[in-house]
């Protein structure tokens, strides 16, 4: 247990140094200063229904996003899931993941995230209604991770990701890593989770759209003319985020369970905020959830979340879960999440 406490302390100190170095100056929120914003969209209808307060919830496949250490707490051999959301202004968000226990070695998992913008006309000053071409944009993340129970109460997890964003004929790519810990305390099995997400490389756009031919002296009668040139593109960090969360079963008997959770979140491109959530379960088959997202966040449009789900056991080694959640986005209306998964 001393080793587990030391690892947790080291990660907390490393996170504190990283976050303090990324503190906004002068009270500004630094909104819009990072690339790969799709990485900030949390998947999983269960997690969203609980207001995104999921850093300390153990044993679920969606821990791969919020805190990879939680995946090690599952008792199943395999889990697979798919999540879809019709995001704001007709954009699409999809997430898929699968995990497999490797005995005493730990649990390995794979993730896939796709965020896409629908095609639209290319509009110019000369052709405001379109010039016959179309453009689109997409974002992609492919991940592989590993989680392990270091003791019967303490787990550690890692998630390595390849990230790519593209718009029309240009693209940027990079790499990131998530690190998380989860500890089950002796006090009524209170769970404490901490995670650093998206610690990685900068991203810089490159491609055909930043290329052009240049005439150094602006005279076509003298050379050289049509010199290949590039627009100078800035590079941007990916959205580094530190989370710490608490959760506990505040009530539990043979048929009913009530779990409360709260997360404190510190991103490197916005102000700090708090997520909170509650899940009510009947016989671990039917679930109702409610939460509040981005409390205390500056100029936030997020707020109330609601959801529910069903988990049905077809056989001893096969369970199916279906979840739905609703997230209020204020003036931007709302987003609804659906997910379905199998537990083997």
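The values are calculated or read from the model by the stated rules, or taken from the named source; none is laboratory data. For clarity, every value in this text was computed on a predicted model and none was experimentally measured. All Cβ positions, glycine included, derive from the backbone under ideal geometry; neighbour counts span all protein chains shown.
Considering every residue within the stretch 172-181, establish whether at least one is in contact (Cβ under 8 Å) with a residue 40 or more places away in the chain and more than 25 Å from the chain's Cα centre (by Cα).
Kept after step one, since they are in contact (Cβ under 8 Å) with a residue 40 or more places away in the chain, are these residues of the stretch 172-181: 172, 174, 176, 178-181.
Still in the list and also more than 25 Å from the chain's Cα centre (by Cα): none.
Looking through the stretch 172-181, none of the residues is in contact (Cβ under 8 Å) with a residue 40 or more places away in the chain and more than 25 Å from the chain's Cα centre (by Cα).
Part of a strand (DSSP E or B) and out of contact with any helix residue (DSSP H, G or I) (no Cβ under 9 Å at 6 or more places or on another chain): does that describe residue 195? Spelling it out, it is not the case that residue 195 is part of a strand (DSSP E or B) and out of contact with any helix residue (DSSP H, G or I) (no Cβ under 9 Å at 6 or more places or on another chain). Screening residue 160 against (1) touching a residue at least 60 places away in the same chain (Cβ under 8 Å); (2) in a strand (DSSP E or B) leaves a single unmet condition, (1).
Here is a list of conditions, (1) more than 22 Å from residue 338 (Cβ to Cβ); (2) at pLDDT below 95; (3) touching a helix residue (DSSP H, G or I) at 6+ places or on another chain (Cβ under 7 Å), and residue 88 meets all of them except one; can you say which number that is? Condition (1) is where residue 88 drops out. Taking the criterion of being touching a helix residue (DSSP H, G or I) at 6+ places or on another chain (Cβ under 9 Å), surrounded by fewer than 20 Cβ atoms within 10 Å (Cβ to Cβ) and either touching a residue at least 40 places away in the same chain (Cβ under 8 Å) or outside any strand (DSSP E or B) (or both), the residues of the stretch 246-301 that qualify are 290, 300, 301. The residues of the stretch 223-245 that are surrounded by fewer than 14 Cβ atoms within 10 Å (Cβ to Cβ) and in a strand (DSSP E or B), listed by number, are 227, 228, 229, 230, 235. Within the stretch 174-188, the set of residues being farther than 14 Å from residue 239 by Cα and touching a strand residue (DSSP E or B) at 6+ places or on another chain (Cβ under 7 Å) comprises 179, 180, 181, 182, 183, 184, 185, 188. The set of residues from the stretch 314-344 being free of Cβ contacts under 8 Å to residues at least 12 places away in the same chain and part of a strand (DSSP E or B) comprises 314, 315, 334. Among what's in the stretch 16-47 and is surrounded by 17 or more Cβ atoms within 10 Å (Cβ to Cβ), out of contact with any helix residue (DSSP H, G or I) (no Cβ under 8 Å at 6 or more places or on another chain) and in a helix (DSSP H, G or I), pick the residue that is modelled with the lowest pLDDT. Per the criteria, the residue is 19. The condition (being within 15 Å of the chain's Cα centre (by Cα), modelled with pLDDT of 95 or more, at negative phi and not in a strand (DSSP E or B)) is satisfied by just one residue among 64, 144: 64. Taking into account only those residues within the stretch 92-113 that are assigned to a strand (DSSP E or B), without any contact (Cβ under 8 Å) to a residue 40 or more places away in the chain and over 16 Å from the mean Cα position of the chain (by Cα), which is surrounded by the fewest Cβ atoms within 10 Å (Cβ to Cβ)? Checking each candidate, the answer is 100. For beta carbons closer than 6 Å, sequence separation of 6+ or different chains, a first residue in the stretch 71-91 that is touching a residue at least 40 places away in the same chain (Cβ under 8 Å) and on the phi < 0 side of the Ramachandran plot and a second that is surrounded by fewer than 17 Cβ atoms within 10 Å (Cβ to Cβ) and assigned to a helix (DSSP H, G or I), the qualifying pairs are 88/332. Suppose the filter is within 20 Å of the chain's Cα centre (by Cα) and modelled with pLDDT under 95; does residue 270 pass it? It is true that residue 270 is within 20 Å of the chain's Cα centre (by Cα) and modelled with pLDDT under 95.
Scanning the stretch 287-302 for residues that are out of contact with any strand residue (DSSP E or B) (no Cβ under 6 Å at 6 or more places or on another chain) and at negative phi, we see that the one that is modelled with the highest pLDDT is 301.
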